[in-house]
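Note sheet for the following structure.
The values are calculated or read from the model by the stated rules, or taken from the named source; none is laboratory data. Please read all numbers here as calculations on a predicted model, not as lab measurements. Here the Cβ positions follow ideal geometry from the backbone for every residue, glycine too, while neighbour counts run over all protein chains shown.
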Amino acid sequence: MNASDFDYHPALVSFKQYRQWWIVAAAMILGALIGLGLSYLFPPVYEAVFKVTTNTRLTVDPNITEIMVNNSLLHVGELVYQPDVLNQVINEEKKQGINLTLNDLHRISSVERQITSTLLKIHWGDPQTAAQIANTWGKIFYSALQAGYQQAILADELSQVQTILKNCLAGTPVAADAQQPCGSSKSELEAAIAQNTEKIAKAELGSLGLYRELNVSEYQEAPIPTAPVRGERGWMIAGGAGIGFILALLVIEILNSPKKSFLSE
């Protein structure tokens, strides 16, 4: 082995190899055709996004921490997959001629948090259908949040009444505007507390885990997407041609490189 063995000049930089341009052209055409064929096997996917906005009201209540607020915002996104919401979506889409199952809904959707907003994303092969499903699902989801928020307010108000009733029963002084319940007898107060306990439990169950300081304020319907998020045919064809170009250069290099044995002396 001597120094000349390492004196290597790539065939790609040799002007003599330009006569083999047809290899590059053929490989690029073949690659583009393969990309075109794959685009039919993997059709484009469109993404429609429905946005629900929530507002968090600042409070001086030490029991409500920043972590609790953050978790409650994450919980809003989890409610997208509440069973009642999913069943309503399936029934509404069936009316539109689209048969979906619970597995389908999980497969075609994703949820993303954006500051205090929740994004419901639907992936479908047709842009109009993607937007239609996103808006149907999103509006059902928004209505469920609205109903849950009203129940959260009711639970909070009933809890305040419960505190007054218990203070009356215990003989603890209450505010002047809350004196009326305290005029009742002990048995009446106990009955009122028991009845109010049931109302609170029912309201908390219907609140979906929301609370008063987290207001579900508005939503934005999903527009019809104009471009696919993946599998665009033009990019697949261009990618196939690019791969063909690289492979052609490698083939030319191999065919025209000098054949030397590194074992020779």
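Here is how the numbers come out for the structure above:
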quantity: Qualifying residue in segment 195-205 (condition: more than 33 Å from the chain's Cα centre (by Cα) and modelled with pLDDT under 85); calculated: yes
quantity: Search result, residues across segment 111-142 that are modelled with pLDDT under 90, small (G, A, S) and more than 14 Å from V45 (Cα to Cα); calculated: S117
quantity: Residue that is modelled with the highest pLDDT, among those in segment 30-72 that are out of contact with any Pro (no Cβ under 8 Å at 6 or more places or on another chain), among the hydrophobic types (A, V, I, L, M, F, W, C) and more than 30 Å from L210 (Cβ to Cβ); calculated: L30
